[in-house]
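Undergrad: The structure under discussion is supplied below as structure tokens; questions concerning it will follow.
Computed from the coordinates by the stated procedures, all read-outs in this text should not be read as laboratory data. Keep in mind that this is a model prediction, so the values were computed, not measured. Here Cβ is always computed from backbone atoms with ideal geometry, including for glycine, and neighbour counts include all displayed protein chains.
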Amino acid sequence: MQVEGKERDQILQSLYGVGPKKAIGYLPLYTLREFLQIDPREMADQVALRGLTTAIFNVEQCRIKSGAIYFYDRDELQKLLNSSAGSLTQCGLPIDPDHFLKEIAATWYEPEHPVYPIISAAFGE
């Protein structure tokens, strides 16, 4: 079932909103392929033109059932991680943006977890 128009734009906003106020966005691979009918690699190429980094995680690497594609502004994420370095280090999370993204893609952190506010901030929440 392909979605179009306003609904399609709303779904893609998770990715297109990535920038200074939102360091990370993601979509399940199923959503991208089945509803939007977009190949994840093509999407990654498009977003790379905006200077963003892409990571595609399969089912084994990610807590999302179908796997997921993440887009992130590496510089903005690094700024956030640097400003939260103490909390991240105490909790055993990496400060490197690529490793941090891999960790949060693979692990669900409950709202009570000390790093949850940092993760929320990275997603622009």
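Undergrad: Select from the range 65-96 the residues that are among the β-branched types (Val, Ile, Thr) and surrounded by 21 or more Cβ atoms within 10 Å (Cβ to Cβ) and list them in ascending order.
TA: Result: 69, single match.
Undergrad: Something else now. Within the range 97-112, how many residues are more than 18 Å from residue 69 (Cβ to Cβ) and surrounded by 14 or more Cβ atoms within 10 Å (Cβ to Cβ)?
TA: Here the count works out to 1.
Undergrad: Are there any pairs, at least 6 apart or on different chains, whose C-beta atoms fall under 9 Å, with the first in the range 33-52 and closer than 17 Å to residue 14 by Cβ and the second in a helix (DSSP H, G or I) and among the aromatic types (Phe, Trp, Tyr), and if so, which?
TA: Listed pairs, sorted by first residue: 47/16; 50/16.
Undergrad: If the requirement is being part of a loop (DSSP other than H, G, I, E, B) and over 18 Å from residue 19 (Cβ atoms), which of these qualifies: 64, 56?
TA: Among 64, 56, only 64 is part of a loop (DSSP other than H, G, I, E, B) and over 18 Å from residue 19 (Cβ atoms).
Undergrad: In addition: Identify all residues within the range 2-22 that are without any contact (Cβ under 8 Å) to a residue 40 or more places away in the chain, not aliphatic (A, V, I, L, M) and not in a helix (DSSP H, G or I); write none if there are none.
TA: If the condition is that a residue be without any contact (Cβ under 8 Å) to a residue 40 or more places away in the chain, not aliphatic (A, V, I, L, M) and not in a helix (DSSP H, G or I), then 2, 4 are the ones that fit.
Undergrad: Can you tell me which condition residue 25 does not meet? The list is (1) assigned to a helix (DSSP H, G or I); (2) surrounded by 15 or more Cβ atoms within 10 Å (Cβ to Cβ), and all the others hold.
TA: Of (1) assigned to a helix (DSSP H, G or I); (2) surrounded by 15 or more Cβ atoms within 10 Å (Cβ to Cβ), only one is false for residue 25: (1).
Undergrad: A follow-up question, please. From the list 64, 95, 11, pick out the single residue that is touching a Pro at 6+ places or on another chain (Cβ under 9 Å) and of a type in the set (Val, Ile, Thr).
TA: Of the residues listed, the single one that is touching a Pro at 6+ places or on another chain (Cβ under 9 Å) and of a type in the set (Val, Ile, Thr) is 64.
Undergrad: Same structure, new question: Considering the range 113-125 alone, what residues qualify as being surrounded by 16 or more Cβ atoms within 10 Å (Cβ to Cβ) and outside any loop (DSSP other than H, G, I, E, B)?
TA: 118, 119, 121, 122
Undergrad: Do any residues in the range 76-88 that are of a type in the set (A, V, I, L, M, F, W, C) have Cβ atoms under 7 Å from those of residues that are not in a helix (DSSP H, G or I), where the two are at least six apart or on different chains, and which pairs are they?
TA: From residues that are of a type in the set (A, V, I, L, M, F, W, C), the pairs are 77/23; 77/24; 80/23; 81/95; 85/95; 88/95; 88/115.
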